[in-house]
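Notes to accompany the following structure.
The values are calculated or read from the model by the stated rules, or taken from the named source; none is laboratory data. As the structure is a computational prediction, the values presented were derived from the model and not from experiment. Positions of Cβ are backbone-derived with ideal geometry, glycine not excepted, and every protein chain shown enters the neighbour counts. Side chains included, ligands, DNA and RNA excluded: accessible areas come from the protein's heavy atoms. Shrake-Rupley method; radii C 1.70, N 1.55, O 1.52, S 1.80 Å.
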Amino acid sequence: MNPDLERLIELEKVDREAARLSDEVAALPKRVAAIEEKLAEHKAAVEKAKARIKSNEAGRRQLEADIKGFQEKIAKYRSQSSSVKTNDEYRALMHEVEFAEKQISGSEDKILELMISLENDEKSLKQAEAELKTEAADVEKEKAEARVRTAEDEKLLAGLREKRAGLRSSVNDSALAHYDRVMRQRRSAISEAREQKCLACFVMLRPQTWQEIRTNEQIVTCSSCGRILYFDPANEAPPPEPPKKKSKARAAETEPEAEGETAPAETTPAQ
């Protein structure tokens, strides 16, 4: 194989692998950010559950304070009822007592509702904290794996860059320039030719071009896509098998009887 062609084929393999590793390295920080964002959602769920519990407790304390205030008012009104002089004043005080008692009853109902809600909030908090603990462990594990993968990829990339530089320095300048130009335009500069076609763009190749490619002795480009073409004999379709000839004995067996030939007549014995 032409040395430049051989090196360019290897160069594209190196470039492809380097591009894959570079993309992977670039994607890892995004992956870590997505992981941390998911963890933040679990943290927010925990904080939200804690906030509901805190609000619940504050609401109950306020209702308990309200009940205490209404109880004090009731005691005050009952104390005043003994010193009122008219029925209207007494009825007004009893109306205030009745109103305060209703407020106390309503507040007690609300406290009961908050206590039931508190049980649900506490269950939600425990579940959210358990999920956060599990997710935090998974996140740390994935982040550690991402750091290891990044280090490995960077090491492989360093080796590929060194190999790439060596290959490029040993390729003819004009062939390398063509390779770079096609790579920029099409993201691949090398293509196998098979069955008289470029496997990248599937355009049929001229017979003379096809014969030149099959030798792998020179740089030949596709007239359609511009990629550098090479031929791999291992992928060449085997030639069709010739039809098998029949043996003479088998031919005689299958040969039809000659025209005009008749079977011998039967004879009858003399009496």
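Quick look at the values:
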item: Solvent exposure ordering (accessible area, 1.4 Å, most first) of Asp66, Asp153; result: Asp66, Asp153
item: Loop-resident sites, the stretch 66-116, for GluC sites (Glu not before Pro), counting at most 10 other Cβ within 10 Å (DSSP); result: none
item: Charge dipole (the stretch 1-133, unit charges on Cβ, about Cα centre) - positive-most of Leu11, Ile74, Val46; result: Ile74
item: Anisotropy class of the chain from Cα gyration tensor, a/c 1.5 cut; result: oblate
item: Share of carbon and sulfur in the accessible heavy-atom surface of the chain [1.4 Å probe, %]; result: 50
item: Degrees, to the nearest 10: 87-169 long Cα axis against longest axis of the chain; result: 30
item: Dipole magnitude of the chain about its Cα centre (Cβ charges: Lys, Arg +1; Asp, Glu -1), debye to nearest 20; result: 1100
item: Given charges at beta-carbon only (K, R positive; D, E negative), |dipole| of the stretch 97-250 in Debye; result: 2580
item: Cβ-placed point charges (K, R +1; D, E -1), dipole of the stretch 33-88 about Cα centre in debye, nearest 20; result: 300
item: Members of Lys50/Lys110; Lys13/Lys155; Lys54/Lys123; Lys30/Lys123; Lys48/Lys143 lying beyond 23 Å, as alpha-carbon distances in this model show; result: Lys30/Lys123; Lys48/Lys143
item: Most to least accessible of Phe70, Phe99 (protein chains only, probe 1.4 Å); result: Phe99, Phe70
item: For the stretch 97-203, average projected area of the Cα convex hull in nm²; result: 17.1
item: Highest-fluctuation residue, Ala128, Ala45, Ala100 considered, GNM on the chain with Cα pairs under 10 Å; result: Ala100
item: The chain: calculated mean residue ellipticity at 222 nm from DSSP helix runs of at least 4, using -39500 (n - 2.57); result: -26000 deg cm²/dmol
item: Candidates Asn87, Asn216, Asn235: whichever shows maximal mean-square fluctuation once the chain is modelled as a Gaussian network with Cα springs under 10 Å; result: Asn87
item: Gaussian network model of the chain, springs between alpha carbon atoms under 10 Å - residue of Arg164, Arg194, Arg61 with greatest fluctuation; result: Arg61
item: Accessible surface of Asp180 - all protein chains present, 1.4 Å probe, nearest 10 Å²; result: 40
item: Cut-off under 5 Å, modelled amide H: who pairs with Val220 long-range; result: Leu229
item: Whole-Hz couplings from phi, Karplus 6.51/-1.76/1.60, listed for the stretch 204-216; x for Gly and Pro; result: 5, 9, 5, x, 5, 4, 4, 5, 5, 5, 4, 7, 6
item: Principal axis dimensions, largest first and in whole angstrom, of the stretch 158-239 by Cα; result: 45, 25, 19
item: Reachable aspartates and glutamates, given that their alpha-carbon falls under 13 Å from the alpha-carbon of Lys141 and they are not under 8 places away in the same chain; result: Glu36
